[in-house]
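Read through the structure below, which is laid out as structure tokens, and then see the notes.
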Amino acid sequence: MKKPIIGITLDNEEPGQYSKFPWYAIRKNYLHSIEEVGGIPFPLFHSLDSIDTILSLIDGIIITGGDFDINPSFYNQTNISSRNKKILRTSFEMKLCEKSLKKNIPVLGICGGEQLINVALGGTLIQDIRGLKLNTIEHEQSSPRNQSSHKVYIESKTMLHKIIKEEKIDVNSAHHQAVDKLGNGLKISGKSKDGIIESIESFNHKWCIGIQWHPEFFITKADKLIFMDFIHNSKNK
């Protein structure tokens, strides 16, 4: 059987460090985690003109995170504490997400990718968790990202619970923003103990899940199960 081709979004950087010219970037484990569970990663350059062609080639989409925030103008808010906004990348990912869901192509959003799914479907974001001035846990962990730092509590009767078959899991954490008002057709599938939304899913599409942590590190069995189910559904889209 042909292995599914998984489109995966890249981060973009301005000249400096790696190159004197603008460059794209992605961690190796994003790509090799896809390969390990039976898919072929297909990194996606940021071109609004090529989205329809891209979608004719791929079987599933992973929207990644990065060291930047979605510009609050995308969810009709003024900027309070969003950082390092990347307009072209966000515009590309928004249109890619919208068109993928219209075609019922499986979509997995990771970290900022979860936030992107929520905004693409009409939701909003908490611009800075610490700005809530509540007794929240540390969502930007100081320990290495290949270690877990807190638990996520999984809602019953959700796709995520069906996939991992656990009520709580250990996750890593590297974000200062989070889902606030849910987008259209989305429901919460997991929260941390402080009430921050950690995972969402669509009940209007075949397979659309957003998770706030980074499962591509395969820290736990649950992380790998998410990837495996995503690849399985990409084979059968």
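So which strands (runs of 3 or more DSSP E) stay within the stretch 1-99 end to end and still have 2 or more residues that are modelled with pLDDT of 95 or more and crowded, with 17+ Cβ neighbours inside 10 Å?
On the way: elements: 5-9, 11-13, 23-25, 40-44, 60-63.
The strands (runs of 3 or more DSSP E) meeting that bar are 5-9, 40-44, 60-63.
Please indicate, with yes or no, whether at least one residue in the stretch 77-90 is in contact with a strand residue (DSSP E or B) (Cβ under 6 Å, 6 or more places away or on another chain) and either over 25 Å from Leu160 (Cα atoms) or touching a residue at least 24 places away in the same chain (Cβ under 8 Å) (or both). Don't jump to the end; show me each part of the working.
Of the residues in the stretch 77-90, the ones in contact with a strand residue (DSSP E or B) (Cβ under 6 Å, 6 or more places away or on another chain) are 89.
Within this subset, residues satisfying the condition of being either over 25 Å from Leu160 (Cα atoms) or touching a residue at least 24 places away in the same chain (Cβ under 8 Å) (or both) are 89.
Yes: the stretch 77-90 contains one or more residues that are in contact with a strand residue (DSSP E or B) (Cβ under 6 Å, 6 or more places away or on another chain) and either over 25 Å from Leu160 (Cα atoms) or touching a residue at least 24 places away in the same chain (Cβ under 8 Å) (or both).
Does Gly113 satisfy being touching a residue at least 12 places away in the same chain (Cβ under 8 Å) and in a helix (DSSP H, G or I)?
Here the answer is yes, as Gly113 does meet what is asked.
How many residues are at pLDDT 95 or above and either hydrophobic (A, V, I, L, M, F, W, C) or within 27 Å of Asn76 (Cα to Cα) (or both) if we restrict to the stretch 128-171?
Residues meeting the conditions: 8.
Quick one: which strands (runs of 3 or more DSSP E) sit completely within the stretch 122-237 and have at least 2 residues that are surrounded by fewer than 19 Cβ atoms within 10 Å (Cβ to Cβ) and in contact (Cβ under 8 Å) with a residue 40 or more places away in the chain?
The strands (runs of 3 or more DSSP E) meeting that bar are 150-154.
Which count do you get for residues in the stretch 121-160 that are within 21 Å of His205 (Cβ to Cβ) and within 18 Å of the chain's Cα centre (by Cα)? Steps first, answer last, please.
Applying the first criterion (within 21 Å of His205 (Cβ to Cβ)) to the stretch 121-160 yields 121-125, 154-160.
Then keep just the ones that are within 18 Å of the chain's Cα centre (by Cα); that gives 121-125, 154, 158-160.
Of the residues in that region, 9 qualify.
The values are calculated or read from the model by the stated rules, or taken from the named source; none is laboratory data. Here the structure is a predicted model, which means the values were calculated and not measured. As a convention, Cβ positions derive from the backbone with ideal geometry for all residues, glycine included, and neighbour counts pool all protein chains shown.
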